[in-house]
Amino acid sequence: MTAWPRRLGWTALAVGVGATALFVPPLVLPDGRGGLPDGRGVAPDGRGDPPAATAATPPPAPSSALPRTAAPPSPTEKPSPTATPPPAARPSSGPPSSGAAVITLHAADPANLRSGARVIECPTCVGGSRVGYIGGPNTLAIRVAGVTTAGERTMTVTYETAETRTLRVAVDDGPAQTLTLSGARDWLIPATVSIRVHLPAGTSWIRFFNDEGPAPDVNQIQLR
């Protein structure tokens, strides 16, 4: 055999060995843990590492601040109270509708008439004195002047007595009203009693008497 054929045979052999090396993968032994020597795992289908697991989206972190609540509604302003007008004044049954002023008269006034009755000093009485010794034939008449309108009036009598006595009261020659009075049961402590009388217009006289016995002492009168 010549050298050319031999070279040709060796060349063919080398090509065959190289082709075998290209198409036969190297033998890889497992590392005993079911993976490759470099630590990569083998997927069940033999295609190498399995795809990396997609990390789950973490839930949003809870806010440390408390949830906002709606602001409370502002209090409704209360309307200011409306003043209620006072009721209309009712007509009084006392003084006449003409608006006559209150008349105040003292029993010891020199303008009055005293028949047997006498003025008595009294430091605790209204005006410092009163008229006593009324009763039997003794009488007191108090003058009322300047009445513009005739009509019913309330007369308040201030008096003193230490025992129960009877006092009779009449306007001019009109009928008398009889009063049984006990007062404060002390000659130095004033007491009052009120009655209704009819006063004529102009000037009149209010008489105090007791034709059956002694009467209380009279201090003053007021006509309303």
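The values are calculated or read from the model by the stated rules, or taken from the named source; none is laboratory data. All figures in this text were calculated on a predicted structure; none of them were measured in a lab. Cβ sites come from the backbone with ideal geometry, for glycine too, and all protein chains shown count toward neighbours. Only protein heavy atoms, including side chains, enter the accessible area calculation; ligands, DNA and RNA are left aside. Shrake-Rupley method; radii C 1.70, N 1.55, O 1.52, S 1.80 Å.
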Item to check | Hits in region 175-205 - residues which are farther than 14 Å from Q222 by Cα, open to solvent by less than 30 Å² (accessible area, probe 1.4 Å) and under 50 Å from the mean Cα position of the chain (by Cα) | outcome: L179, L181
Checklist entry - Can you name every residue in region 152-173 that is more than 18 Å from T104 (Cβ to Cβ) and surrounded by 15 or more Cβ atoms within 10 Å (Cβ to Cβ)? => result T161, A162, R165, T166, L167, R168, A170
Checklist entry - Do we find a residue being in contact with a strand residue (DSSP E or B) (Cβ under 9 Å, 6 or more places away or on another chain), closer than 26 Å to C122 by Cα and modelled with pLDDT of 95 or more anywhere in region 170-177? => result yes
Next on the checklist: I need the full set of residues from region 185-224 which are farther than 20 Å from T104 by Cα and small (G, A, S), in order please.
Outcome noted: G213, A215
Item to check | Qualifying positions in region 129-140 - under 19 Å from L181 (Cα atoms) and in a strand (DSSP E or B) | outcome: R130, V131, G132, G135, N138, T139, L140
Item to check | Those residues of region 128-144 which are open to solvent by 50 Å² or more (accessible area, probe 1.4 Å) and of a type in the set (G, A, S), in sequence order | outcome: none
Checklist entry - Is it the case that V102 is among the hydrophobic types (A, V, I, L, M, F, W, C) and within 51 Å of the chain's Cα centre (by Cα)? => result yes
Next on the checklist: Condition first: within 15 Å of T158 (Cβ to Cβ) and either surrounded by fewer than 13 Cβ atoms within 10 Å (Cβ to Cβ) or touching a Leu at 6+ places or on another chain (Cβ under 8 Å) (or both). Now tell me which residues in region 106-122 satisfy that.
Outcome noted: A107, N112, C122
